[in-house]
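Read the structure below first, then the notes.
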Amino acid sequence: MAEPVIFNRDMGYSAAEFYRILPAAIRDYDLAITGDQVVITPKQGDHQLRLTITPLTDRILANMRLPHIDVRFEFLNFSEQQRKEFMQAFDRSYQRGGG
């Protein structure tokens, strides 16, 4: 069993927004949410992703309040390719428009 790959990401979403988008971001995986913990498992295979969601203090810019959260990713038994493919799809789901 390989060592888990763990990293954190600061994301510009409220926890509610994050959870609303999450099912679309993990299309081919099953999802279990318990409090601030999310366990994502494939429909087939033995790998697993654990997310820990921590709301952070809103950023304040002039009169704007911008929510953000810390997301801890813990990949268990993902190959490098599986992790890369998962994160590409995940990132696409959480992209915001702009220009």
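The values are calculated or read from the model by the stated rules, or taken from the named source; none is laboratory data. Computed from a predicted model, the values in this text were never measured in an experiment. Because the Cβ atoms are built from the backbone with ideal geometry, glycine has one as well, and the counts that use them run over all protein chains shown. Calculation scope for accessible area: heavy atoms of the full protein, side chains included, ligands and nucleic acids excluded. Shrake-Rupley method; radii C 1.70, N 1.55, O 1.52, S 1.80 Å.
One table, with the values for the structure above:
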quantity	calculated
Selection within the range 71-99 - open to solvent by 40 Å² or more (accessible area, probe 1.4 Å) and among the charged types (D, E, K, R)	72, 80, 83, 84, 85, 91, 92, 96
Count of the range 12-48 residues which are under 16 Å from residue 87 (Cα atoms) and among the hydroxyl-bearing types (Ser, Thr, Tyr)	2
Those strands (runs of 3 or more DSSP E) lying entirely in the range 1-68 with at least 2 residues free of Cβ contacts under 8 Å to residues at least 60 places away in the same chain, hydrophobic (A, V, I, L, M, F, W, C) and open to solvent by less than 60 Å² (accessible area, probe 1.4 Å)	37-42, 48-61
Residues located in the range 39-65, provided they are at pLDDT below 95, in contact with a strand residue (DSSP E or B) (Cβ under 8 Å, 6 or more places away or on another chain) and farther than 20 Å from residue 23 by Cα	58, 59, 60, 65
Scan of the range 69-89 for residues that are without any contact (Cβ under 8 Å) to a residue 24 or more places away in the chain and of a type in the set (D, E, K, R), ordered by number	80, 84, 85
